[in-house]
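What follows is a single structure, written as structure tokens, with notes after it.
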Amino acid sequence: MSETLRLWLIVVGVIALLLTIAPGLIWLERRLLGWWQDRKGPNRVGPFGIFQPLADAIKLIFKEDWIPPFADKPVFILAPAVVVFTAFMSYAIIPLAPGIVVADLNIGVLFFLAMSSLGVYAIVLGGWSSNNKYSLLGAMRGAAQMITYEVFMGISLLGVVMMAGSFNLSEIVLAQQGMWNVVPQFVGFVVFFIAGVAELHRLPFDIPEAESELIAGYHSEYSGMKFGMFFVGEYIGVTMLAGFTTTMFFGGWLGPSFLPGIAWFLLKTFAIIVFIILLRGSLPRPRYDQLMGYGWKILLPLSLINLMVTGYFLLR
Amino acid sequence: MEELTRKLQERFGEGQIATQSTRDGIPTYWVPARDIPKVLRFLKEEISQPYSMLYDLFAIDERPRKHRTGQESDFTVVYHLLSFERNADIRIKTALKDGERGLPSICSLWANANWYEREAYDMFGIHFEGHPHLRRILMPQTWEGHPLRKEHPARATEMGPFQLPPDKQDREQQALQFKPEEWGLERESEDTEFMFLNLGPQHPGTHGVLRLALQLDGEDIVDVVPDIGFHHRGAEKMGERQSWHTYIPYTDRVDYLGGVMNNLAYLLAVERLAGIDVPPRAQVIRVMLCELFRIASHLVWYGTFAQDVGQLSPVFYMFSDRERIFDIIGAVCGGRMHPNWFRIGGVAADLPEGWDKMVADFIAYFPKRLRKYDRLVMKNRIFKDRTVGIGVYDTQEAIEWGVTGPGLRATGMEWDFRKKRPYSSYDQFDFEVPVAANGDCYDRAVVRIEEMRQSLRIVEQCLKNMPEGDYKSRHPLTTPPAKEHTMHDIETLINHFLNVSWGPVIPAGEAFHGIEATKGSNGYYLISDGSTTSYRTRIRTPSFPQMQMISFISQGYTVADLLAILGSIDYVLADIDR
């Protein structure tokens, strides 16, 4: 098997995996929330309602593609594409198993941070171009929230990077053979995970959308598959956050040898995804300024202290 | 009463103050229109134990009225005041002749007079001189006529076919243009240009068709102006059309979460007019169903409040608990949200077999759930951060704005009409009146949650001590009379036939009765002109004055806080608009 063919297979495989995971997650989330909330969730289309996302996708694709006359048309169309694009791109660096990675970059961690920062453009552009006051408020909140959480998301990861001595994700996984990073870097993990959920703007940090306040915030005006794209982007984002957390803190593909590495990776990722869904089912939403204050006053100092303590132990 | 009359006559001259006796025994005085502000100021600020709350303000079209006990009048404006120190009401009436329809506004005296006066203007065309913003409040701005005047048609079929020619459509569209000046809002201040955000009438956070015009500086609220009336169905007008008996189902739909509790407020007023004593069993059945509905209503509020601050799950748990209450209600009444179950003189039928087991099961089940919700919602840090210290008002302000019910008790004022003015045998029950101290969103929640526990205690006492006996009074005006009597004597049969086909004829008179409803004090003021329908039905609802307060308590907070405040107030749009 030639090197190029192998790479193509991996690329197609990862994209196919993500494209199945996104609708699968929508179904899983709705079923799990239904279960936790004493109701049924989708259970009519196919066995256990498993084809529900398919039916939804068909509906969304065939809906009239309506663009509000007051919107800024090119930007309005571009915004949902940005979400999906950045979400896909950051998956390129995540090693599913030894050797199964689209791009084994030496600056993997930085690439991830760059891509997740680009994601904010979708919110800002979408909210701005919709020319709707609710969208505008959502976009403003989104931008502020992302910028805040971006700062210490990076800092919280530096402990892991220092311990592995590399920005390369495969090497970070291999450096965890003795012990998963979640133990020595527990503070880093907590800060990163909170920041990650905030970056995904999912409940409890869905402040840019805030159903009960801003209706749907930055994507109020979107309909049809453009609206669907925001959701695909969100769910790929969830998978990505879970995958990245697994890689950085839970030893990636490492695990007892009765299962192949990729199975361990997928299992861990799945568990984290379920946890993210559980968060959504249980917590209320803080206010926008409270979230900012929490970030700057608690999480940022915490991640800096974590960095210093890690440095102290490494250089001792 | 005599002392009060003496004081008023001493102060304003004997010829100026006339008294009137009413069925409800509330001291009622007639005062000339020009003296209204003076007399009300005297009652609010100058006498000892003042009447500090403007409980209600409304008008009556008296032109075709036959039986009068008060002064000659074409339009009467009624001010209903409440004194907490005296635990007494007073009613001030003023007569207006047709043609001269103006009297001084009392907006400077009570903050909540603003909307009440606008409503009287909207419904009767009465002008209040000096009112800062006298516009229509419930009807569209383009409406012609004043709906509660007797000559205004009550049914669409009396109005001719509806037509919307293009020029009319243009006019209507023009009227919908948002101009901040018309709402009393500035476009800009010295250093900033404001953003105006239209919130509602279709918005997930407003719990119904409520529209708010927000004046924003960034996300900070400079001012909020509620626009109500989208849910206005003319419930008061319908009272003048339906018979005393057939109006009961309409009351169900006023506070549509309160169910039979609305029947109770209306029927207590009717029974006062008719002089009916309700047998003990019927009273206790009424209390039990009312308290079940109080729990059901508070559960809806609890879940939606949590949802307003972004918590998704609680609302599902609370709705499934509410379903259990509806199972009981359904077994007793056959209906769920609008059971239409109380009748003049009692309730529609006796309790079904097995009701006691259902109620006992619920009493055993519910406290555990409440404890769970405390852990899930009330003890949650984020929830506290969102609600503590938000939307604060103190007792003084609550009284000034006419707030009753949990909103008043959250400020530390222990005032519950079930305790202070027991009706329907509430004096025989053992329960506490929960209060809180700070008057913020969180405290309003604390009060309601404790109220659910107290309601459960009352239900439990009903279960244990349900009296035997009739579920309907034997009074001839009881509608319909108990079936077993109808089958055995011809007098009752005739009564049954007449009361059902025409409706009962309630003796002429005026009576008010207020109750402690789910959201505060709900009261019906009824005038009978000695016929089968009411001459005037005035519904005093708790949500109306509370909604008026929104602007006052939201200024300086953010949009997110506004939604928390709206959620904490627990209003129902039908209860505001009627």
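If you bin every alpha carbon distance in the protein assembly as shown into 20 Å steps from zero, what whole percent lands in each bin?
The distribution over the protein assembly as shown is 13, 38, 31, 14, 4, 0, given as percents.
For chain B, what are the DSSP H helices with axial Cα length of 18 Å or more and mean Kyte-Doolittle hydropathy of at least 0.5?
Passing helices, by number: B:260-274, B:314-333.
Based on Cβ point charges of +1 for Lys and Arg and -1 for Asp and Glu, what charge dipole magnitude is obtained for chain A about its Cα centre, in debye rounded to the nearest 20?
520
Could you work out the mean count of beta carbons from other protein chains within 10 Å of each residue's beta carbon in B:197-210?
2
Between rounded, prolate and oblate, where does segment A:66-315 land on the alpha carbon gyration tensor, with a ≥ b ≥ c its root eigenvalues, rounded for a/c under 1.5, else prolate if a/b exceeds b/c?
prolate
What ³J(HN,Hα) values, in whole Hz, does the Karplus curve 6.51 cos²θ - 1.76 cosθ + 1.60 give for segment B:210-227 when θ = phi - 60°, with x put for Gly and Pro?
Once rounded to whole Hz, the list reads 10, 10, 10, 9, 9, 9, 10, 10, x, 9, 8, 7, 8, 7, 10, 10, x, 10.
Could you give the radius of gyration (one decimal) and Dmax (whole number) of the Cα atoms in segment B:437-578, in Å?
21.8, 69
For segment B:32-81 and segment A:148-185, compute the distance between their C-alpha centroids and round to whole Å.
Computed from Cα coordinates, the inter-centre distance equals 76 Å.
In Å², and per residue, what accessible area does segment A:66-315 have when probed at 1.4 Å with the other protein chains present?
37
Can you give the calculated 222 nm mean residue ellipticity of chain B, where each DSSP H run of n ≥ 4 adds -39,500 (n - 2.57) and the sum is split over every residue, rounded to the nearest 500 deg cm²/dmol?
The helix contribution divided over chain B gives -11500 deg cm²/dmol.
State the volume of the convex hull built on the alpha-carbon positions of segment B:172-236, expressed per residue in Å³ and rounded to an integer.
112
Once R0 is set to 41 Å, what does the formula 1/(1 + (r/R0)^6) return for the Cβ-Cβ distance between B:Ser21 and B:Glu193, expressed as a FRET efficiency to the nearest 0.05?
Efficiency computed from Cβ-Cβ geometry: 0.10.
Treating only the Cβ atoms of Lys and Arg (+1) and Asp and Glu (-1) as charged, compute the dipole magnitude of segment B:263-357 about its Cα centre; round to the nearest 20 debye.
140
Averaged across orientations, what area in nm² does the convex hull of the alpha carbons in segment B:261-408 project?
Details: hull surface 43.7 nm².
Directional mean of the projected Cα hull area for segment B:261-408 stands at 10.9 nm².
Among B:Val433, B:Phe383, A:Ala164, pick out the residue whose Cα is farthest towards the positive end of the charge dipole of the protein assembly as shown, where Lys and Arg carry +1 and Asp and Glu carry -1 on C-beta, about the Cα centre.
A:Ala164
Using the charge dipole of segment A:66-315 (Lys, Arg: +1 at Cβ; Asp, Glu: -1 at Cβ; taken about the Cα centre), state which of A:Ala103, A:Gln145, A:Leu113 has its Cα farthest towards the positive end.
Positive-most Cα among the choices belongs to A:Gln145.
For segment A:212-316, take every pair of Cα atoms, bin their distances at 5 Å starting from 0, and report each bin as a whole percent.
P(r) over segment A:212-316, rounded to whole percents: 2, 9, 10, 12, 17, 18, 14, 9, 5, 2, 1, 0.
Between the helical axis of A:108-129 and the dominant principal axis of chain A, each derived from Cα atoms, what acute angle in degrees is found, rounded to the nearest 10?
10
Just reorder A:Phe152, A:Phe231 by solvent-accessible area, largest first, 1.4 Å probe, all chains present.
Correct descending sequence by accessible area is A:Phe231, A:Phe152.
I'd like the accessible area for B:Asp220: 1.4 Å probe, protein heavy atoms, all chains in place, Å² to the nearest 10.
Approximately 80 Å² for this residue.
Once B and A are treated as a pair rather than alone, how much accessible area drops out, both sides summed, in Å² to 100, probe 1.4 Å?
2500
Which listed residue (B:Gln49, B:Leu463, B:Ile92) has the Cα farthest towards the positive end of the charge dipole for chain B, taking +1 on Lys and Arg C-beta and -1 on Asp and Glu C-beta about the Cα centre?
B:Leu463
Answer rounded, prolate or oblate for segment B:234-292, using the Cα gyration tensor with square roots of eigenvalues a ≥ b ≥ c: rounded when a/c is under 1.5, else prolate when a/b is larger than b/c, else oblate.
oblate
Give me Rg/Rg_expected for segment A:97-152, where Rg uses Cα atoms only and Rg_expected = 2.2 N^0.38 Å with N residues.
That ratio works out to 1.51.
Give a residue-ordered list of calculated ³J(HN,Hα) values for segment B:537-547 (Karplus: 6.51 cos²θ - 1.76 cosθ + 1.60, θ = phi - 60°; whole Hz; x for Gly, Pro).
10, 10, 10, 9, 10, x, 6, 4, x, 5, 5
Show me, for segment B:423-434, the HN-Hα J-couplings you get by feeding each phi into the Karplus relation (A = 6.51, B = -1.76, C = 1.60, θ = phi - 60°), rounded to Hz, glycine and proline as x.
10, 6, 6, 5, 5, 8, 9, 9, 7, 9, 9, x
In peptide A:277-286, what is the residue-averaged number of other protein chain Cβ atoms found within 10 Å of each Cβ?
Average per residue, whole number: 6.
Just to be sure I understand the model, the point goes 7 Å from the Cα along the line to the Cβ. What's the resulting B:Lys464 to A:Glu64 distance in nm?
6.4
Using C-alpha positions alone, give me the convex hull volume of segment B:1-145 per residue in cubic angstrom.
Expressed per residue, the convex hull around the Cα atoms of segment B:1-145 is 116 Å³.
Quick one: order B:Thr532, A:Thr86 from most to least accessible surface, probe 1.4 Å.
Greatest to least solvent exposure: B:Thr532, A:Thr86.
With all protein chains present, calculate the accessible area of B:Glu3 using a 1.4 Å probe and round the result to the nearest 10 Å².
B:Glu3 exposes around 100 Å² with every protein chain in place.
Students sometimes get this wrong: rank B:Asp489, B:Asp321 by accessible area, probe 1.4 Å, all chains present, largest first. The partial results should precede the final answer.
On the way: B:Asp489 60, B:Asp321 0 Å².
Reading off the accessible areas and sorting them downward yields B:Asp489, B:Asp321.
For chain B, which semi-axes, largest first and in whole Å, follow from the square roots of 5 times the eigenvalues of its Cα gyration tensor?
Three semi-axes, in Å: 35, 33, 24.
Counting every Cα pair in segment B:99-196, what percent are over 17 Å apart?
Across segment B:99-196, Cα pairs with separations above 17 Å total 65 percent.
Would you tell me the mean number of C-beta atoms belonging to other protein chains that fall within 10 Å of each C-beta in B:306-318, as a whole number?
6
Keeping the other protein chains in place, figure out the carbon and sulfur percent of the accessible area of chain A, with a 1.4 Å probe.
Carbon with sulfur: 74 percent of the solvent-accessible area.
Assign one of three labels to segment B:407-490, namely rounded, prolate or oblate, based on the Cα gyration tensor with a ≥ b ≥ c the square roots of its eigenvalues; rounded applies when a/c is under 1.5, prolate when it is not and a/b is larger than b/c, and oblate otherwise. Could you put the intermediate results ahead of the total?
Details: a/c = 3.66, a/b = 2.76, b/c = 1.33.
It is prolate, given that a/c is not under 1.5 and a/b is the larger ratio.
Just need the relative contact order of chain B here, percent rounded to a whole number, with Cα pairs under 8 Å and 6+ apart.
Answer for chain B is 17 percent.
What whole-number value in Å² describes the accessible area per residue of segment B:235-550 for a 1.4 Å probe?
32
For each pair in A:Lys63/A:Lys133; B:Lys66/B:Lys93; A:Lys63/A:Lys226; B:Lys38/B:Lys93, compute the distance between the two Cα atoms and list the pairs where it is over 21 Å.
A:Lys63/A:Lys133
Once you charge only the Cβ atoms, +1 for Lys and Arg and -1 for Asp and Glu, what is the size of the charge dipole of chain B about its Cα centre, to the nearest 20 debye?
Charge dipole, chain B, about its Cα centre: 1380 debye, nearest 20.
Using alpha carbon coordinates only, what is the Rg to Rh ratio of segment B:235-550, with Rh defined as the Kirkwood radius?
A ratio of 0.99.
Please list, or write none, the aspartates and glutamates whose alpha carbon is within less than 16 Å of the alpha carbon of B:Lys179, excluding same-chain residues fewer than 8 places away.
Straight-distance partners of B:Lys179: B:Glu188, B:Glu193, B:Asp223, B:Asp227.
The values are calculated or read from the model by the stated rules, or taken from the named source; none is laboratory data. Bear in mind that the values here come from a model prediction, so they are computed numbers and not experimental data. A quick note on method: Cβ atoms are made from the backbone with ideal geometry, for glycine too, and the neighbour counts reach across all protein chains shown. What goes into the accessible areas is simple: the full protein's heavy atoms, side chains included, and nothing from ligands, DNA or RNA. Shrake-Rupley method; radii C 1.70, N 1.55, O 1.52, S 1.80 Å.
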